[in-house]
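Data first, discussion second: the structure below is written as structure tokens.
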Amino acid sequence: MATAAYRGEIFHLRGDPAAGAEAIGHHADGLIVVEDGEIAACGDFVAESQRLPDDTAITHYESEMIVPGFVDAHIHFPQVDIIGAYGARLMDWLERYTFPSEMAFADAAHAAEVAEIFLDELLRNGTTSALVFATVHKTSVDALFTAAAARNMRLVAGKVLMDRNAPAALLQSPEQGDRESRELIRAWHGKGRLGYAVTPRFAPTSTAEQLALAGQLMREHDGLLMQTHLSENPDEICAVAELFPEAHDYLDVYDRAGLVTDRSVFAHGIHLSDREFGRLGEAGAAIAFCPTSNLFLGSGLFKLAKSEASGITVSLGTDVGAGTSFSAFQTMNEAYKVGQLAGAGPDAFKLFYLATLAGAKALKSESRIGNLAPGKEADFLILDPAATPLLKRRMAACTSLEERLFVLVTLGDDRAVKHTYVAGKLAHSRED
Ligand code: GUN
Ligand code: ZN
């Protein structure tokens with residue numbers, strides 16, 4: 001049995017900090033013990049070190065912070081090369097930048113190259129798990145899962161389903177999309193730490209027939225997730241109303257296909273009606289709040305408080321490439337600002353909750369990841385709170401954990417991620 005121990009300041013969330021201070025796990029001088037890729041113990045150094053076998057090697061991080069790996073609940077791996085594309089809103093941005101970029105993934109070599117870059121970038125930013133859109137090409141999913149398996153990452157992904165309103169090269173019949181999804185589920189779902197997500201892109205690019213087949217896939221397989229986009233932009237919502245006149249509203253299009261369940265993760269959900277909020281909460285569905293994307297595309301301001309009050313599981317997504325950063329810090333930073341515009345931004349504990357345990361909940365993986373509780377997989381980060389001269393100076397003026405975390409949210413990025421551990425193994429080290 002391989003045992004390793006890491007000493008340092010530890011911070012993680014045991015639950016939603018909105019429920020009370022017991023949710024905040026903090027050990028100023030802590031120890032985590034890792035055995036066979038899992039957390040065997042997590043607590044105060046003095047107590048935990050007494051239980052360690054004498055010969056256990058302890059790595060001591062004297063001025064760093066040990067936190068769980070981040071979970072990105074919504075990201076597109078084929079959009080790495082269109083981050084920061086100027087001057088468009090959603091529907092125009094899809095036509096001008098996104099669809100042309102995704103067409104290149106018909107080439108397996110290109111998909112394999114981008115999969116490596118994409119996963120390395122996640123790990124550089126401390127993101128150890130993600131729910132990922134590939135393209136319509138089956139090879140794009142094979143490439144991503146192959147690269148994720150090599151890194152032993154807990155990753156959920158799926159092949160995009162589109163059968164209308166996109167370039168012909170990206171369209172497939174409902175039957176072909178269904179057949180290829182089934183092949184991918186058989187090949188990858190539940191293999192190691194990988195999971196499959198049925199992935200209709202969004203209502204405008206699928207017929208009711210394709211959405212119904214996606215619903216059937218969900219019913220026929222245990223443990224799948226469903227990911228799609230919902231109510232991101234006013235023009236998108238008008239298009240959905242025209243394409244599906246029989247539906248009560250946007251969410252109802254998915255509901256009629258059996259796609260609104262507690263295994264559904266909807267990206268955005270910015271312009272929802274009260275009925276849609278209520279229905280999402282009733283179903284136990286999740287929303288991925290993607291603030292950098294929502295601001296970049298001018299899509300609107302997500303209602304975090306109302307979503308949570310409706311019983312919806314809210315997590316954070318970068319939504320790269322409409323999102324402008326792979327960094328969970330920068331995503332939390334923008335989530336705070338969106339909250340400020342709505343009245344009051346979430347505090348640092350809440351922001352870290354959204355970026356870790358809430359993401360694990362959206363991915364239905366909270367028994368495996370999301371914090372450092374014993375029994376969970378050992379996905380954790382060594383953060384350097386003095387990674388830049390400004391961070392170092394600002395940190396020196398902080399007087400509480402909460403203040404230090406909030407400064408990390410405001411000033412942090414990939415430079416603050418010194419090491420990323422995946423299932424107990426060192427997977428990334430920042431080059432100084
Ligand atoms: N809606 C449908 N497809 C997409 C996409 O790729 N990105 C975003 N942000 N919204 C979408
Ligand atoms: Zn998206």
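Against the conditions (1) more than 16 Å from ligand 1 (Cβ to nearest atom); (2) out of contact with any helix residue (DSSP H, G or I) (no Cβ under 7 Å at 6 or more places or on another chain); (3) not in a helix (DSSP H, G or I), where does SER49 fall short? Just the number, please.
(3)
Scan the range 100-156 for residues that are of a type in the set (Val, Ile, Thr), away from ligand 1 (no atom under 16 Å from the Cβ) and buried (at least 22 other Cβ atoms within 10 Å of the Cβ) and report the count.
Number satisfying all stated conditions: 3.
Could you please give the count of residues in the range 215-264 that are more than 21 Å from the chain's Cα centre (by Cα), small (Gly, Ala, Ser) and either within 16 Å of ligand 1 (Cβ to nearest atom) or over 27 Å from LEU155 (Cα atoms) (or both)?
3
Considering only the range 224-246, I want to know if a residue exists there that is under 25 Å from ASP72 (Cβ atoms) and away from ligand 2 (no atom under 16 Å from the Cβ).
yes
State the number of residues belonging to the range 91-122 that are under 15 Å from LYS138 (Cβ atoms) and in contact (Cβ under 8 Å) with a residue 60 or more places away in the chain.
Final tally of qualifying residues: 3.
Determine the pairs where a residue that is within 18 Å of GLU209 (Cα to Cα) and in a helix (DSSP H, G or I), located within the range 228-253, has a partner that is away from ligand 1 (no atom under 16 Å from the Cβ) and of a type in the set (S, T, N, Q) with Cβ atoms under 8 Å apart, the partner being 6 or more residues away or on another chain.
Correct list of pairs: empty, since none qualify.
For the range 260-284, give me each residue that is away from ligand 2 (no atom under 16 Å from the Cβ) and not in a helix (DSSP H, G or I). Walk me through it before giving the result.
The initial filter retains those residues of the range 260-284 that are away from ligand 2 (no atom under 16 Å from the Cβ), namely 260-263, 272-284.
Passing the criteria: VAL260, THR261, ASP262, ARG263, LEU272, SER273, GLY284.
Look at THR331 and say whether it is part of a helix (DSSP H, G or I), in contact (Cβ under 8 Å) with a residue 12 or more places away in the chain and within 16 Å of ligand 2 (Cβ to nearest atom).
yes
For the range 365-387, what are the residues that are part of a loop (DSSP other than H, G, I, E, B), out of contact with any Leu (no Cβ under 7 Å at 6 or more places or on another chain), in contact (Cβ under 8 Å) with a residue 12 or more places away in the chain and not acidic (Asp, Glu)?
Taking the range 365-387 as the starting set, the residues that turn out to be part of a loop (DSSP other than H, G, I, E, B) are 365-376, 378-379, 384-387.
When the remaining residues are screened for being out of contact with any Leu (no Cβ under 7 Å at 6 or more places or on another chain), the result is 365, 367-369, 372-376, 378-379, 384, 386-387.
This time we only want the ones that are in contact (Cβ under 8 Å) with a residue 12 or more places away in the chain, so: 365, 368-369, 372-376, 378-379, 384, 386-387.
Within the range 365-387, SER365, ARG368, ILE369, LEU372, ALA373, PRO374, GLY375, LYS376, ALA378, ALA386, ALA387 meet the criteria.
If the requirement is being within 16 Å of ligand 1 (Cβ to nearest atom), small (Gly, Ala, Ser) and part of a loop (DSSP other than H, G, I, E, B), which of these qualifies: GLY311, GLY343, GLY321?
On inspection, the qualifying residue turns out to be GLY321.
Would you mention how many residues in the range 16-48 are surrounded by fewer than 19 Cβ atoms within 10 Å (Cβ to Cβ), of a type outside the set (A, V, I, L, M, F, W, C) and free of Cβ contacts under 8 Å to residues at least 24 places away in the same chain?
Of the residues in the range 16-48, 5 are surrounded by fewer than 19 Cβ atoms within 10 Å (Cβ to Cβ), of a type outside the set (A, V, I, L, M, F, W, C) and free of Cβ contacts under 8 Å to residues at least 24 places away in the same chain.
All of the numbers you see were taken from the coordinates with simple rules; none came from a lab. Please read these numbers as outputs of a predicted model, since none were measured by experiment. No Cβ is skipped: glycine too gets one built from the backbone with ideal geometry, and neighbour counts run over all protein chains shown.
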